[in-house]
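Trainee: Pasting a structure here, questions to come.
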Amino acid sequence: MNNTLFYKSPADPNPRNKESWNEALPIGNGAIGAMVFGGIDKERIQLNEDTLWYGGGGRNRVNPDAKDNYKKIRELLKEGRIKEAQKLGKLSMVAGPDCERIYSTAGNMMLDFEEKAETATDYVRSLDMAEAIAKVKYTIDGTIFEREAFCSEPDNVFAMRATADKEKKLHYIVSLNREKELDENKATATNEISMTGIMGGKGGVSFCVTVRVVQTDGKVYTLGNNILLEEATEAVLLVAIRTSFYGDNPEEWCKKVLDKAEAKSYAELKSSHIEDYRKLYDRVSFSLGTEEQEKELCALPTNERLARVQNGETDLGLIVQYFYFGRYLLIASSREGTQPANLQGIWNHSFNPPWGSKYTININTEMNYWLAENCNLSECHLPLFDLLKRMLPNGQQVAKDMYGCRGFVAHHNTDLYGDCAPQDIYMPATIWPMGAAWLCTHIWERYSYTLDKEFLADNYELLKETATFFLDYMFIDDKGQLVTGPSVSPENTYIHPSGEKGTLCNGPSMDSQIIIDIFNACLKSSEILGNETADIAEMNENIREALKKIPKPAIGKYGQVMEWEHDYEESNLGHRHISHLYALHPSNQINDKDTPELMKAARVTLERRLAHGGGHTGWSRAWIINMWARLKDGEKVFENVQALLQKSTSINLFDMHPPFQIDGNFGGTAGIAEALMQSHAGVIELLPALPKEWSIGSIKGLKARGNIELDFSWKDGKVTECTLRSLKGSDIYVQLPGSNEVKSFTGGGGAFEVQLPIE
Ligand code: FUC
């Protein structure tokens, strides 16, 4: 039951009701996404396709004056002439146009039924996360109506089967609509309608959405641009969506995909979908509390459970569901060969979504993938590296044109086309040359978990080019340290000793921390790959020299980790970004073995932020959970998981920035895993930050670095059993809660498994 979200009433299917979208249930196959409302007289299926963006790629938006001015800005900043620096930055470094491309909805598929909503009884709609199927069921005049819908990865379609339990009671009219960029909306066969268009902006993709009604005992025909189904007992509705980004002729592609799907029975479509999905989903199972506790609340609809938690109750099962939902969403929005999960995964109803529903890469996109490795969905991580490869040539051009440097740079956003120039005219965020670098730390992260050398070799170029950029770009500042600049500590504001407020600065701490990770990843990768040509050897030598001069995390006057190179006051003490704790999480530069003093400082930092209202966005709260987990504070993990559910979660369990932003879902799931197991410090630590409220539980299938999969259970906070599988034969180092002893196990070369002796 913990795999099912359910509700006793529909989400209002009226597209004018913007609120109810956050009550609908998401399904997806990585490329196609749908929000299922579960309406009675009307059903709305809001559709998405992950390459349906405005405009094309290939624009060079770089401000031609950047190259001649960015070094002047460094000097102004050194001299404390903040206002002048910011003015020059705004005029000479902001790109034109200042906005990247924007993601869009594919539109709505509406189903009109003859029955009146008020006459329905026994209504229930649900999302079965174990099978990735959305379901609706209700009774009208003694007839039970049911629908179930899924997005199939193997068959590339949205499929929905509707049934009535009495013969010939099923009737509906299907139509498609979208408000913009619509060229055609018409019947394309006796059981098929289709809409096509071209997205605005130079090089915009052409798209096609095609719907077909098949496998029915009823009458199917079209009138205008509607499909009518009459006197049926059952019917299957298939939808294909495609844009020219993936290949020519989306219309033809949709037809072919539908022909293929139609040739299979619904049962076949469904079983291949389930089989494909479960290969990923079934790897992990999780429970918290006793079986009785788990059963107790399962009879309550999800919205009621959430309301209870929002009233201060604890619901361990809902935490498990939230964890499952994060994994579910990643599988549904990021499959091999599709686009990475954007700010909304793939689910977006708007033509002008918040922040363009792009890839914001000063935290959000990275957070989307924090769960990919430790929650055993490494394949779902892959689209991110495809995007990075698409960014590379653009980022090389930007490095050259904007900074006169070699290598690869991107700023705080990117889009479908991998645009790397600055985004917006927003001084706290826009001029920040670290986006590609932060994303590239994921290359090393994925390698650490999988030990997949082929993957590392395939992505090494990205690391090398990123490092090359910083070797060219960094400079020695007034403190004699090698730093970035002009840059920002996303998206915070400091107060200069002169009293002036500023965002643009030299040497924000986060930048140095990310570069340290990139440089180390480069050195380690070339050692592993044995690829030291003369060029690479020279670069590695330069990296080693540079590393000596890059500032390490330092402690400021309040005992906090310093956010800037100088110990400035911050103007907003409760700011949602906590960028300077990147070293604590996701990086491991601050940890209790090597840097205990910095661990204390990280705690002070977090407490200061929270005391002043930090964590007010969903993603900020999710990051805080991960940070408390790294600080080994179970109670703070608990408090913040509760707060995430209480303040930043809508009834469909979507994370609310607000508005909906998927990062908090993914970051929240990653943080729950991080509380149960960590492996960033070279040792697998079991239950490093277990809240006392979670004192009984078990988890199967988490992943630790070194390609080690583990299952363990606990009671009263103590591990009762644990199995570790070293899938590539790497040594296992493991530590039980409350003990400093590290147990080590070595295999005979290949994969091996150990059961932990628990005293
Ligand atoms: C960053 C954050 C905002 C928001 C946006 C998409 O700029 O500061 O809170 O999440 O990305």
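Read-outs throughout are calculated quantities, based only on the coordinates presented, and are distinct from any laboratory measurement. Owing to the predicted nature of the structure, the values given are computational and were not obtained by experimental measurement. Here the Cβ positions follow ideal geometry from the backbone for every residue, glycine too, while neighbour counts run over all protein chains shown.
Trainee: What Kirkwood radius, in Å to one decimal, follows from the Cα pairs of the chain? Numbers along the way, then the final one.
Mentor: Numbers: mean 1/r = 0.0371 Å⁻¹.
By the Kirkwood definition, the hydrodynamic radius is 27.0 Å.
Trainee: Something else: Roughly how big is the chain's charge dipole about its Cα centre, with Cβ charges of +1 (Lys, Arg) and -1 (Asp, Glu), in debye to the nearest 20?
Mentor: The dipole magnitude comes to about 1220 debye.
Trainee: May I have the convex hull volume per residue, in Å³, for the Cα set of the range 1-93? Each step should come with its number before you reach the end.
Mentor: On the way: hull volume 22.0 nm³, N = 93.
Roughly 236 Å³ of hull volume per residue.
Trainee: Okay, moving on. Set the Förster radius R0 to 22 Å, insert the Cβ-Cβ distance between Glu19 and Lys180 as r into 1/(1 + (r/R0)^6), and round the FRET efficiency to 0.05. Please list the in-between numbers first.
Mentor: Working: r = 22 Å, r/R0 = 0.99.
The formula returns an efficiency of 0.50 here.
Trainee: Let me know the shape class of the range 185-325, please: from the alpha-carbon gyration tensor, a ≥ b ≥ c as square roots of the eigenvalues, rounded when a/c is under 1.5, otherwise prolate if a/b is greater than b/c, or oblate.
Mentor: On the way: a/c = 2.33, a/b = 1.89, b/c = 1.24.
It is prolate, given that a/c is not under 1.5 and a/b is the larger ratio.
Trainee: Also: Amide H to amide H under 5 Å from Gly33: which residues, 5+ apart in sequence or cross-chain, H placed 1.01 Å off N in plane?
Mentor: For Gly33, the qualifying residues are Asn48, Glu49.
Trainee: Could you work out the Rg to Rh ratio of the range 598-669, with Rh taken as the Kirkwood radius (inverse of the mean 1/r over all Cα pairs)?
Mentor: Working: Rg = 11.8 Å, Rh = 12.0 Å.
For the range 598-669, the value is 0.98.
Trainee: Measuring from the lowest to the highest alpha carbon on each principal axis, how far does the range 453-597 reach, largest first, in angstroms?
Mentor: If we take the Cα atoms of the range 453-597, the spans are 51, 31, 23 Å.
Trainee: Quick check: from the Cα gyration tensor, does the range 312-386 come out rounded (a/c under 1.5), prolate or oblate? Can you show the working numbers first?
Mentor: Working: a/c = 2.03, a/b = 1.29, b/c = 1.57.
Because a/c hits 1.5 or more and a/b fails to exceed b/c, the range 312-386 counts as oblate.
Trainee: For the range 1-52, what class follows from the C-alpha gyration tensor (a ≥ b ≥ c being the square roots of its eigenvalues): rounded when a/c is under 1.5, otherwise prolate if a/b is larger than b/c, else oblate? Please report the intermediate quantities before stating the final value.
Mentor: Details: a/c = 2.21, a/b = 1.16, b/c = 1.91.
Oblate.
Trainee: Among Leu52, Pro26, Pro10, which residue has its Cα furthest toward the positive end of the charge dipole of the range 1-53, with +1 on Lys/Arg Cβ and -1 on Asp/Glu Cβ?
Mentor: Pro10
Trainee: Now, a different point. Highest mean first, what order results for 185-192, 561-568 on Cβ atoms within 10 Å?
Mentor: Values: 185-192: 16.8, 561-568: 21.0.
Listed from highest to lowest mean packing, they are 561-568, 185-192.
Trainee: Would you report the distance distribution of C-alpha pairs in the range 70-150 as whole percents per 5 angstrom bin, up to the bin with the largest distance?
Mentor: 3, 10, 12, 10, 9, 7, 4, 4, 4, 5, 8, 8, 7, 6, 3, 1
Trainee: Could you tell me the relative contact order of the chain? Use alpha-carbon pairs under 8 Å, at least six residues apart, and round to a whole percent.
Mentor: Working: 1810 pairs, mean separation 92.0, N = 759.
In percent, rounded to a whole number, it is 12.
Trainee: Now a separate question. Take peptides 740-749, 149-158, 217-226, 603-612 and line them up by average Cβ neighbours within 10 Å, highest first, as a rough protection proxy. Could you put the intermediate results ahead of the total?
Mentor: Values: 740-749: 10.7, 149-158: 24.0, 217-226: 14.6, 603-612: 18.2.
Averaged packing, sorted descending, gives the order 149-158, 603-612, 217-226, 740-749.
Trainee: Here's another thing I want to ask about it. Any chance you could list P(r) for the range 130-237, counting all Cα-Cα pairs in 10 angstrom bins from zero, rounded to whole %?
Mentor: Final binned percentages: 14, 37, 33, 13, 3, 0.
Trainee: Could you sort 244-254, 354-364 so that the peptide with the highest average Cβ count within 10 Å comes first and the rest follow in order? Before the final figure, lay out each step's value.
Mentor: Values: 244-254: 17.2, 354-364: 23.7.
Averaged packing, sorted descending, gives the order 354-364, 244-254.
Trainee: Which distance in nm do the two modelled labels at Asp594 and Lys479 give, with both placed 7 Å along the Cα-to-Cβ direction?
Mentor: Taking the two extended label points, one gets 1.9 nm.
Trainee: Of Leu606, Gly345, Asn652, whose Cα points farthest to the positive end of the dipole of the chain (charges on the beta-carbon: +1 Lys, Arg; -1 Asp, Glu; origin at the Cα centre)?
Mentor: Going by the charge dipole, the pick is Leu606.
Trainee: A further question on this structure: Which entries in Lys135/Lys728; Lys72/Lys548; Lys600/Lys703; Lys501/Lys524 show an alpha-carbon gap greater than 30 Å?
Mentor: On the way: Lys135/Lys728 40 Å; Lys72/Lys548 26 Å; Lys600/Lys703 28 Å; Lys501/Lys524 40 Å.
Distance filter (> 30 Å) returns Lys135/Lys728; Lys501/Lys524.
Trainee: Hey, another quick one. Percent relative contact order of the range 156-302, based on C-alpha pairs within less than 8 angstrom and at least six residues apart? Before the final figure, lay out each step's value.
Mentor: Values: 268 pairs, mean separation 34.1, N = 147.
This gives 23 percent for the range 156-302.
Trainee: Okay, next question. Note down the nm distance, to one decimal, between modelled labels 7 Å out along Cα→Cβ at Lys202 and at Thr121.
Mentor: In this crude spin-label approximation the distance works out to 6.4 nm.
Trainee: Running Debye on the range 299-453 with equal point scatterers at the Cα sites and no solvent, what base-10 log of I(q)/I(0) appears at q = 0.12, 0.13, 0.20 Å⁻¹?
Mentor: These q points yield log10 I(q)/I(0) values of -0.61, -0.69, -1.23.
Trainee: Moving to a separate point now. Taking 35 Å as R0, compute the FRET efficiency from the Cβ-Cβ separation of Tyr246 and Asp452 and round it to 0.05. Don't skip to the answer; put the middle values down first.
Mentor: Values: r = 26 Å, r/R0 = 0.74.
Rounded to the nearest 0.05, the efficiency is 0.85.
Trainee: Counting each DSSP H run of 4 or more residues in the chain as -39500 (n - 2.57), what helix-only mean residue ellipticity at 222 nm follows after dividing by all residues, to the nearest 500 deg cm²/dmol? Numbers along the way, then the final one.
Mentor: Working: 18 runs with 250 residues, N = 759.
One gets -10500 deg cm²/dmol as the mean residue ellipticity at 222 nm.
Trainee: In addition: What is the distance, in nm, between label points placed 7 Å from the Cα along the Cα-to-Cβ direction at Lys219 and at Lys389?
Mentor: 5.3 nm
Trainee: For the range 644-759, what is the per residue volume of the convex hull drawn over the alpha-carbon atoms, in cubic angstrom? List each step's numbers first, then the result.
Mentor: On the way: hull volume 13.3 nm³, N = 116.
Spread over its residues, the Cα hull of the range 644-759 gives 114 Å³ apiece.
Trainee: Next question. Excluding Pro691 itself, what net charge comes from residues whose Cβ is under 14 Å from its Cβ, given Lys and Arg +1 and Asp and Glu -1?
Mentor: Working: positive: Lys632, Lys636, Lys692; negative: Asp315, Asp633, Glu635, Glu639, Glu674, Glu693, Asp716.
Cβ neighbours under 14 Å give a net charge of -4.
Trainee: Could you pull out every residue, at least 5 positions away or on a different chain, whose amide H is within less than 5 Å of the one on Asp424? Hs are placed 1.01 Å off N in the peptide plane, and Pro or chain starts have none.
Mentor: Residues meeting the amide H criterion: Cys99, Glu100.
Trainee: Here is a follow-up. Under 5 Å between amide H atoms, partner at least 5 residues away or on a different chain: which partners does Thr493 have, H built in plane at 1.01 Å?
Mentor: Ser571, Asn572
Trainee: Ordered by residue, what ³J(HN,Hα) values in Hz, to whole numbers, does the range 211-221 give under the Karplus form 6.51 cos²θ - 1.76 cosθ + 1.60, where θ = phi - 60° and Gly and Pro are x?
Mentor: For the range 211-221, the Karplus curve yields 10, 9, 9, 9, 6, 9, 8, x, 8, 10, 7 Hz.
Trainee: How big is the shadow of the Cα convex hull of the range 532-640, averaged over all directions, in nm²?
Mentor: Values: hull surface 34.0 nm².
Averaged projected area of the range 532-640's Cα convex hull equals 8.5 nm².
Trainee: Mind jotting down the three principal axis lengths of the range 300-345 based on Cα atoms? Whole angstrom, largest first.
Mentor: That gives 41, 17, 15 Å along the principal axes, largest extent first.
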